[in-house]
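So the structure is just underneath, and the comments pick up after that.
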Amino acid sequence: MTPILNPNGVPTPTATVTPAGMQFTATPTTTPTTTPTTTPTPTPTACSAYAIQPPITPYSQCDPQWASWPYDDHPGTDICLNGCLETCIAMLSSDSTFGAIAGGSQNPEEMNNFFVKNSDFTPATIINGQTKGYNLKTPLACQQLGWEFDWQLYSSGTLQKDLSNPRAVVIAEVKYYNGTMLHHHFVVVTGEAWNPYTHQCEFTIVDPAYSSSVSFLNQYANAVTLNPNTDAAAILSLREIVRP
């Protein structure tokens with residue numbers, strides 16, 4: 001195959017002669033460029049679950065006003081350490097649509113006193129020299145307050161259905177690990193809202209212990225345990241509380 005020469009005697013790089021004598025001009029090969037694809041940020045949508053109206057009072061169980069007050073009137077423990085559930089119920093009492101409760105809206109200390117007076121805690125037992133078993137009996141406590149109560153296993157569908165009832169408010173039970181220590185904890189589910197970090201609708205909560213850092217229920221569902229021999233944090237159950 002004889003190359004075609006240009007006037008300077010240099011082979012022309014863009015032309016060759018085929019064995020059959022047919023001449024063609026070669027087209028330079030170029031690498032196609034690709035435009036980087038970007039995933040568009042989802043547009044916030046209206047979330048369907050009912051939101052508590054009017055908003056509840058976001059009490060903290062470790063508020064200095066009552067943090068050191070004995071939980072269930074037992075020495076050695078206090079509302080800051082053990083009062084998450086009764087603090088959640090105190091939040092609900094601040095919702096005027098629940099009606100006058102124990103003389104009106106109750107903060108966690110006043111709610112604790114009300115439950116002690118009405119024997120709404122389980123009897124305490126002594127284990128290894130320490131007082132144990134001081135748990136709030138939620139069904140009885142709700143009955144004392146004139147509220148309907150329903151215990152349910154957690155599912156997103158069940159919670160969605162509960163929140164669609166304008167008379168209902170839900171307290172969720174979660175578990176999480178702090179190091180190797182297992183904790184059971186209660187939070188008030190307030191509705192559903194767009195999470196700008198996950199770009200989806202998620203259940204919103206008021207957390208009596210971690211309100212400054214936790215605002216979505218899935219933050220507990222997605223929490224990672226630091227103990228490899230135990231389950232990860234999870235949402236365990238629901239307490240549906242219905243207004244009179």
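A short reminder: the numbers here are calculations on the coordinates, not readings from a lab. All values derive from a computational prediction rather than experimental measurement. As a convention, Cβ positions derive from the backbone with ideal geometry for all residues, glycine included, and neighbour counts pool all protein chains shown.
In straight-distance terms, cross-link reach from Lys175 covers every one of the aspartates and glutamates whose alpha-carbon lies under 14 Å from its own, apart from those fewer than eight places away in the same chain; here that gives Asp207, Asp231. The label-point distance for Val242 and Ser156, in a model that sets each label 7 Å from Cα toward Cβ, rounds to 2.6 nm. Note on Thr57 and His184: the extension gain reaches 43.5 nm, defined as 0.36 nm multiplied by sequence separation minus the Cα-Cα distance. Using the Cβ of Phe114 as centre and a radius below 14 Å, the other residues enclosed give a net charge of -4, where K and R count +1 and D and E count -1. Add +1 for every Lys or Arg and -1 for every Asp or Glu among the other residues with Cβ under 11 Å from the Cβ of Asp78, and state the total. Neighbour charge sum, excluding Asp78 itself: -3.
Using a simple spin-label model with pseudo-atoms 7 Å out from Cα toward Cβ, Val116 and Trp69 lie 0.9 nm apart. Taking the Cβ of Leu163 as the center, what net charge do the other residues with Cβ under 14 Å away carry, scoring Lys and Arg +1 and Asp and Glu -1? Overall, the nearby charge balance is -1. Taking 0.36 nm per residue of separation and subtracting the current Cα-Cα distance, fully stretching the chain between Ser215 and Ala46 would add 59.1 nm. Taking amide H as placed 1.01 Å from N in the peptide plane, Asn195 has its amide H under 5 Å from the amide H of Gln200, Cys201, Glu202, each at least 5 places away in sequence or on another chain.
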